[in-house]
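As structure tokens, the structure follows; a few thoughts come after it.
The values are calculated or read from the model by the stated rules, or taken from the named source; none is laboratory data. What you see is a predicted model, and the numbers here were worked out from it, not measured in a lab. Methodologically, a virtual Cβ is constructed for each residue, glycine included, from the backbone with ideal geometry; neighbour enumeration extends over all protein chains shown.
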Amino acid sequence: MKKQIRFGLDIDGTVTSPETFIPYINKHFNKNITLSDITQYELTPFLNVTDEQFWQWMKEYEPIIYKNAPIASFFAETLRGWQNDHHFTYISARGNHLLEITENWFNKHKIPYHHIELLGQHDKLQTIKKHNIEIFFEDKHDNACDISEECNIPVILLDTPYNQDPIPQQVIRVKDWKEAAVWVNKWINKGEPLS
């Protein structure tokens, strides 16, 4: 029998499509931005608004956006291929007040999960250690680098225009979940990271 692996997964831009916010941003801020325009994680420079104005907008629209978020390409099929053998903990920077919306979204889309932890911040290191996560999936560049180095685990970085900085050896850049599945299945079968 295969060893059960403890997967850790970010949600926004990793499990959900990285384009999720764009239609809402374009409509509200009267922009015409595409994903390829977003070359950094911080959105306020593209919108010509203050952090305070942006977060006020987020507070109002987050529940609607998260409720209707599209799934990242090939994610659902990939995870269902692993669901009988492995353990899934979702660790997100979303605030905990969004837990019910988040769980409803997972249930609606029949996405397997064992635990969802919404931290309300981007620092996930302690939570990853607490849950003994063995591999993590992320879209935020600095998170991926910090997690791989601090937790000494492989981190799969889902490729986006906003995470193009160089990456350390234990961060594996993949173009989509199909490519992630190939790497992870080889890693599971070998029992050791591939470079």
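Let's see how each residue does on (1) among the hydrophobic types (A, V, I, L, M, F, W, C); (2) under 20 Å from GLY13 (Cβ atoms):
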{"site": "TRP57", "(1), (2)": "yes, yes"}
{"site": "ILE64", "(1), (2)": "yes, yes"}
{"site": "GLU77", "(1), (2)": "no, yes"}
{"site": "ARG80", "(1), (2)": "no, no"}
{"site": "ASN84", "(1), (2)": "no, no"}
{"site": "HIS87", "(1), (2)": "no, no"}
{"site": "SER92", "(1), (2)": "no, yes"}
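I'd like the full set of residues that are among the β-branched types (Val, Ile, Thr) and either modelled with pLDDT under 95 or over 9 Å from the mean Cα position of the chain (by Cα) (or both), limited to segment 1-31.
Start the filter on segment 1-31 by keeping residues that are among the β-branched types (Val, Ile, Thr), which leaves 5, 11, 14-16, 20, 22, 25.
Of everything in segment 1-31, those that are among the β-branched types (Val, Ile, Thr) and either modelled with pLDDT under 95 or over 9 Å from the mean Cα position of the chain (by Cα) (or both) turn out to be ILE5, THR20, ILE22, ILE25.
Taking THR78 as the residue in question, decide whether it is at negative phi, assigned by TED's automatic domain parsing to the domain that holds ASP159, buried (at least 17 other Cβ atoms within 10 Å of the Cβ) and in a helix (DSSP H, G or I). Here the answer is yes, as THR78 does meet what is asked.
Only one of the numbered conditions (1) more than 23 Å from HIS141 (Cβ to Cβ); (2) in contact (Cβ under 8 Å) with a residue 40 or more places away in the chain; (3) not basic (Lys, Arg) is violated by GLU19, and that is (1).
Within segment 62-83, can one find any residue that is modelled with pLDDT under 95, over 18 Å from the mean Cα position of the chain (by Cα) and of a type in the set (S, T, N, Q)? Within segment 62-83 (the criterion being modelled with pLDDT under 95, over 18 Å from the mean Cα position of the chain (by Cα) and of a type in the set (S, T, N, Q)), the answer is no, since none of the residues qualifies. Pairs meeting the criteria (first residue in segment 74-89 and touching a residue at least 40 places away in the same chain (Cβ under 8 Å) and farther than 21 Å from LEU118 by Cβ, second residue of a type in the set (Gly, Ala, Ser) and part of a helix (DSSP H, G or I), beta carbons under 7 Å, at least 6 apart or on different chains) are THR78/ALA180; THR78/ALA181; GLY81/ALA181.
Listed by position, the helices (runs of 4 or more DSSP H) inside segment 103-195 whose residues that are among the hydrophobic types (A, V, I, L, M, F, W, C) number at least 3 are 141-151, 177-190. Counting the residues of segment 28-66 that are outside any helix (DSSP H, G or I) and touching a residue at least 24 places away in the same chain (Cβ under 8 Å) gives 4. Could you list, in sequence order, the residues of segment 1-46 that are within 19 Å of GLN164 (Cα to Cα) and among the charged types (D, E, K, R)? Selection gives ASP10, ASP12, GLU19, ASP37, GLU42. Only one entry of ILE167, ILE156 meets the criterion of being in contact with a strand residue (DSSP E or B) (Cβ under 9 Å, 6 or more places away or on another chain), free of Cβ contacts under 8 Å to residues at least 60 places away in the same chain, of a type in the set (A, V, I, L, M) and surrounded by fewer than 20 Cβ atoms within 10 Å (Cβ to Cβ), and that entry is ILE167. Here ASP142 fulfils each of the conditions (1) at positive phi; (2) within 13 Å of the chain's Cα centre (by Cα) apart from (1).
Of everything in segment 113-134 that is touching a Phe, Trp or Tyr at 6+ places or on another chain (Cβ under 6 Å) and surrounded by 14 or more Cβ atoms within 10 Å (Cβ to Cβ), the residue that is nearest to ASN96 (Cα to Cα) is ILE116.
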